[in-house]
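Undergrad: Take a look at the following structure, please.
Just so it is clear, none of the values below were taken in a lab; they were calculated from the coordinates. Keep in mind that this is a model prediction, so the values were computed, not measured. Counting neighbours? That spans all protein chains shown, and the Cβs are built from the backbone with ideal geometry, glycine included.
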Amino acid sequence: MMRTDGISDAAEIFRTTTDPGFLRPLTPVGRKLFFVVGMSHGGDVSLMMTDSGATPVTLGHFGDIRALAALGGRLLFSATPEKGSSDRELWISDGTVAGTRLLEDLRPGPLGSSPDNFAVLGNRLFFSATEGTNGVELWVSDGTAAGTHRFADLEVGAGSSSPRTLTVVEDQFFFSAEVQGRGAEPWVSNGDRLGTVALTELARGPLSSNPRGFVRSGGYVFITGEDAGGVRRLFSITYRPDGTCPP
């Protein structure tokens, strides 16, 4: 790992590892920088943290870590407790060993709720997960166990809307989801259940456009998606700050 003061031309080695591993991803939380260290050929991974450039400390060992996000001065992340485990759940860390813990066991048992696709809007984390009954849907957390719950059951019942590519744009977040009669198409949410709506179908009917990108430029949000012929093209959606993007 290298570091620089952003002023001089020189960069220095901040941390070295004796194994042929990897460091990913770098996630700042205030003055603290969290990162994951693991073996490139398998084995457990370690969650590490440095405070203002001090010597990194190991906060815990896990089977796998993914989808890290800063929320309210703490780190939320998705992890399995050991290699080979399918029990992926939502964890939280304040940068100390004692403060690195399971936030909530959303799906008790060996399978896990598989939190993924993190996006922070205001003081809440939105993500995809399943409790094993209602499929993979949108969930939300304010960083507390009591404030972590399913946000919307877009595909009502046991089916999954499979929200993906959650992307915050100003005071909204865009994402891809699929419901009965529609494939994976663009949606938008202002953080309120009633303000979570489907946008224009880029590929009509059961076909999926699989939208991704969601980048704002001027009065539009640009995305890429597949048309009815399966060709990925550039599309635009009129951006409205009040959360009323045209469907």
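Undergrad: Given R₀ = 25 Å, what would the calculated FRET efficiency be for T96 paired with H149, taking r from the Cβ atoms and rounding to 0.05?
TA: Plugging the Cβ-Cβ distance into 1/(1 + (r/R0)^6) gives 0.40.
Undergrad: Quick check: net charge around S78, other residues with Cβ under 10 Å of its Cβ, Lys/Arg +1 and Asp/Glu -1?
TA: That works out to -1.
Undergrad: If R₀ is 41 angstrom, what is the calculated FRET efficiency for the pair T133 and E82, using the beta carbon separation as r and rounding to 0.05?
TA: 0.95
Undergrad: By how many nm would the segment from L194 to A54 grow when fully extended, if each residue of separation counts as 0.36 nm and the alpha-carbon distance is taken off?
TA: Length gained between L194 and A54: 45.9 nm.
Undergrad: How much length is gained if the chain between T224 and D105 is pulled fully straight, taking 0.36 nm per residue apart and subtracting their Cα-Cα distance, in nm to one decimal?
TA: Full-extension gain reported as 39.3 nm.
Undergrad: Next up: Work out the P(r) tail for the stretch 165-247: percent of alpha carbon pairs separated by more than 19 Å, whole number.
TA: 29
Undergrad: Something else: Please report, in whole Å, how far the alpha carbons of the stretch 92-247 spread along each principal axis, starting with the longest.
TA: 50, 34, 26
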